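S.K.: Take a look at the following structure, please.
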Amino acid sequence: MRKILLLHTGGTLGMAPSGEPASLAPGPFLDHLLVQVPELSQLAELAVEVPFNQDSACLEPTHILALAQRVRDAARDFDGFVIIHGTDTMAFTASCLGFLLSSLGKPVVVTGSQRPLAFVRSDARSNLVNAVDLACRAIPEVGICFGTHWLRGVATDKLSVSQFEAFESPNLAPLAEIGAEIQLHPTAGEFLRQVPAGLGLKLDLNLHTVTPHPGMAWFSAPAGAKAVLIQAFGAGNLPMDRADLLAFLEDCQRRRLPVVVTSQCAYGGVDLSAYELGRKVEEMGGISGGLHTRWAALAKLGLVLGAGGGIVEAKEAFRIAWAGEPMRDGAWPQA
């Protein structure tokens, strides 16, 4: 049987009916899982660790980096990994891990649930069974298993706070469709791995994020910010007739802050050449985020900053795919 390491980091899945976390000791927690989901023992030889038990809304970069390091350290001893994680920031963690573990060569399946495993009506049981099954299949991907899909982590976002089908990869086909059988995408695991050397020692999220709305006043980025991430309208448009926005962008240029532009739209992405407003953004230093999700863009920019990069490195990072994130609409990244 395949040896799978299950890393429990917190979230709804492991909660007791009272809303309290289940036992944090790995042995009792594994026993609890096998009582609730005995079929897991038919799928794999499981080991459980609890690196931390944290509401995902409270995760810090150090948690994510430590999780990535634990997976790397255990890679020789296990055939695959399942990470139980809260849904609130699951897409961000999966994006970070997708970049950090792109060359691991083994499956890393992130899962969780909308309702605790201890509840009678819960999606936790099926999500957990499917995640362990996928982790046994030797597909070298980092992805989120939730509902009826396995989705590439660097292309995924959370769309619902209550539906069991809570996640989607809007601009990339699923790695797998999960029904009576698991139907894997024919090229799952096959993508060009281009994460620059030297990344991952630090995830620096000291950046200024902006989601504009009509009539919004633009103020300078905080003094300590090292970059700006703007979630713009449509294909990357901003109200470039506003003097305060022009002053904002001029200030970013003067301070040598990378300004990455993503879209408020889930489907499609940024094309700064499509409209005059977008072209003006680009003329003032805006870097197109293309089809990057908000979480993939945040993760990539944080890793660039963590490695000491600036405008040049950010431009290059968003020019190419590091770990199979979609770069062109409708195109499945190929090796």
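Since every read-out is calculated from the coordinates, none of them should be taken as a lab result. Quantities reported herein were computed from a predicted structural model and do not represent experimental measurements. Note that we place each Cβ from the backbone using ideal geometry, even for glycine, and neighbour counts take in every protein chain shown.
S.K.: Could you work out the local net charge near Trp322, counting Lys and Arg as +1, Asp and Glu as -1, over the other residues with Cβ closer than 9 Å to its Cβ?
M.R.: +1
S.K.: Here is a further query. Would you tally the net charge around Ser160, using a Cβ to Cβ cut-off of less than 14 Å, leaving Ser160 out, and scoring K and R as +1, D and E as -1?
M.R.: -3
S.K.: Something else: Only Lys, Arg, Asp and Glu count, each charged at its Cβ (+1, +1, -1, -1), so figure out the dipole size of the chain about its Cα centre, rounded to 20 debye.
M.R.: My answer is approximately 560 debye.
S.K.: Net charge near Glu39: determine it from the other residues with C-beta under 12 Å of the C-beta of Glu39, scoring Lys and Arg +1 and Asp and Glu -1.
M.R.: That sum, taken over residues with Cβ under 12 Å, equals 0.
S.K.: Starting from the alpha-carbon convex hull of the stretch 40-152, give the projected area averaged over all orientations, in nm².
M.R.: Average of the hull's projected areas for the stretch 40-152 equals 6.7 nm².
S.K.: Can you give the calculated 222 nm mean residue ellipticity of the chain, where each DSSP H run of n ≥ 4 adds -39,500 (n - 2.57) and the sum is split over every residue, rounded to the nearest 500 deg cm²/dmol?
M.R.: -8000 deg cm²/dmol
S.K.: What do you get when you divide the Cα radius of gyration of the stretch 208-317 by 2.2 N^0.38 Å, with N the number of residues?
M.R.: That ratio works out to 0.96.
S.K.: Out of the DSSP beta bridges found with both residues in the chain, what percent are antiparallel (nearest 5)?
M.R.: 35
S.K.: Further question: What translational diffusion coefficient, to the nearest whole µm²/s, does the chain have by Stokes-Einstein, given a Kirkwood radius computed over alpha-carbon pairs, a temperature of 20 °C and 1.002 mPa s viscosity?
M.R.: D, rounded to a whole number, is 105 µm²/s.
S.K.: Which residues make up the longest stretch of the chain clear of GluC sites (Glu not before Pro) that lie in a DSSP loop with no more than 14 other Cβ atoms within 10 Å, not counting the sites?
M.R.: 182-335
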